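Novice: Quick one: this structure, given as structure tokens, is what I'll be asking you about.
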Number of protein chains: 2
Amino acid sequence: MNTSDLNAFHLHRIGTVHSPFKEKFGIPRQSGLIEGNIGQIELLPPWDRQEALQGLDGFSHIWVVFIFHEALKPVEAWRPTVRPPRLGAKRQGVFATRSPYRPNAIGLSVLGYHGWRKENGKLLLEVSGLDLLDQTPVIDIKPYLPYADSLPQASGGFAAEAPQSDPLKVVFSELAQAQLQPAQQRYPQLRRLIETCLTHNPRPAYFGSIDKREHFGIKLYEFDVQWQLEAERIVVLSLFAESLPE
Amino acid sequence: MNTSDLNAFHLHRIGTVHSPFKEKFGIPRQSGLIEGNIGQIELLPPWDRQEALQGLDGFSHIWVVFIFHEALKPVEAWRPTVRPPRLGAKRQGVFATRSPYRPNAIGLSVLGYHGWRKENGKLLLEVSGLDLLDQTPVIDIKPYLPYADSLPQASGGFAAEAPQSDPLKVVFSELAQAQLQPAQQRYPQLRRLIETCLTHNPRPAYFGSIDKREHFGIKLYEFDVQWQLEAERIVVLSLFAESLPE
């Protein structure tokens, strides 16, 4: 078969990610480093068939192939190098990074798999280790095969080490604690999620230049989590609920 | 951002696989189990830019995201279950398998990476552990990040174990040995490739019913490798070169 005429491919969204991360800022890079980042993948019609998941219960982890929908650009806008955040300003070849800004905006994440359920007619896969934006379009789900996919001996270039955990301690103001209590009724993992997201701050280089009185925010679920840096600690100031469009 | 209108995605071929495997039969399932299965990924214009590979030399392995171009089917032909060859006739949910016949015919392979070179104006990545058909369209290349991608503790369902190595010994007839000698000038790894492809026969279940006098063939590079089963050994009978269209 001569495939040289096969140069464009049309793919369908098969599912949608439901994640606590409502905006790109604050999303942990690469999954599995954060606690509490649980969510669902909703399979969409016509792919929402239970039979399609038959046998998946034997697997602890799955690959999710998705579209970086906030990084879609026309092909003409492609650039061969990107600036990975962990390297500061040093440009790297796009194929040497997992940057969203790539010739095809395809992403790959390994997530913990915790079974599926039906809810209001929707077929939902329960997942953990999410590093994906809410509403991310999913184009494939595959089992993680340790014998083929796990290569502990692989060497990993500039990203060989896991990102350094930021040693900053995370504390909650009185207001934040009071707001956390009812929020935890709905999201029992919320405190751990906030703590680990801020501890593993994805932008350590950022701290050098910030005005320490400035407030920052990350959006988790429907909460606008406001925090600031105080004497080498991160203080969570408040978590007001926003009304999100359904 | 409401992404519900983002249901179709247009992806571009960025590269082409050059592999010894000229047909699906005989391709080892999941890479890394076979020796001698080396090849190249050719980056295509406008993506054939050296800068796009800057930094990749630090990585021992890469992910190749590709299209199962021989499994492309209209979306209406989608079926929620498939029959993985290792399970014989037992159907499995497609999302619990790595079958090519999936809602989006996307494949994922981890390959050894051995640097890149320019040859006749083409930008070629040298790879090993290939389990891909020659001419496979590539849609993305990413570094393998051991800290994120390697999960030796993951459990793997029915495919938890690596495929059982077929204990069959592979021997070469006098004719095959004579033909191998010049062929090895061009492909020094050819003997190991034939041996390991046939030893790790991807269809062990197949042997139960075959007529043992029957000949089988696999195509590796330009060679039609003929073999038969004789007294629990695989005998390579011949490897005649075919003229392949360029």
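All of the numbers you see were taken from the coordinates with simple rules; none came from a lab. Computed from a predicted model, the values in this text were never measured in an experiment. So basically every Cβ, Gly included, is an ideal-geometry build from the backbone, and we count neighbours across all protein chains shown.
Novice: Amide H to amide H under 5 Å from residue B:81: which residues, 5+ apart in sequence or cross-chain, H placed 1.01 Å off N in plane?
Specialist: Excluding prolines and chain starts, which carry no amide H, the hits are B:94.
Novice: I'd like the FRET efficiency for residue B:230 and residue A:232, computed as 1/(1 + (r/R0)^6) with the beta carbon distance as r and R0 of 45 Å, rounded to 0.05.
Specialist: Working: r = 74 Å, r/R0 = 1.64.
Rounded to the nearest 0.05, the efficiency is 0.05.
Novice: Further, regarding this structure: HN-Hα J couplings of segment B:126-135 from phi, Karplus 6.51/-1.76/1.60, θ = phi - 60°, integer Hz, Gly and Pro as x?
Specialist: In residue order, the calculated couplings are 8, 10, 10, x, 5, 10, 10, 5, 4, 6 Hz.
Novice: Through the Karplus equation 6.51 cos²θ - 1.76 cosθ + 1.60, θ set to phi - 60°, convert the phi angles of segment B:176-189 into ³J(HN,Hα) values in whole Hz; use x for Gly and Pro.
Specialist: Values, residue by residue: 4, 5, 5, 6, 5, 4, x, 5, 6, 4, 8, 10, x, 8 Hz.
Novice: At 7 Å along the Cα-to-beta-carbon direction for both residue B:73 and residue A:189, put a label point, then send me their distance in nm to one decimal.
Specialist: So the label points at residue B:73 and residue A:189 sit 3.5 nm apart.
Novice: For the pairs A:24/A:122; A:22/A:169; A:24/B:122; A:118/B:24; B:24/B:118; A:73/B:122, note any where the Cα-Cα span goes beyond 32 Å. It would help to have the intermediate numbers written out before the result.
Specialist: Details: A:24/A:122 26 Å; A:22/A:169 24 Å; A:24/B:122 37 Å; A:118/B:24 37 Å; B:24/B:118 29 Å; A:73/B:122 26 Å.
Checking Cα-Cα distances, A:24/B:122; A:118/B:24 exceed 32 Å.
Novice: Please report the Cα spread of segment B:15-159 along all three principal axes, rounded to whole Å, starting with the longest.
Specialist: 46, 37, 26
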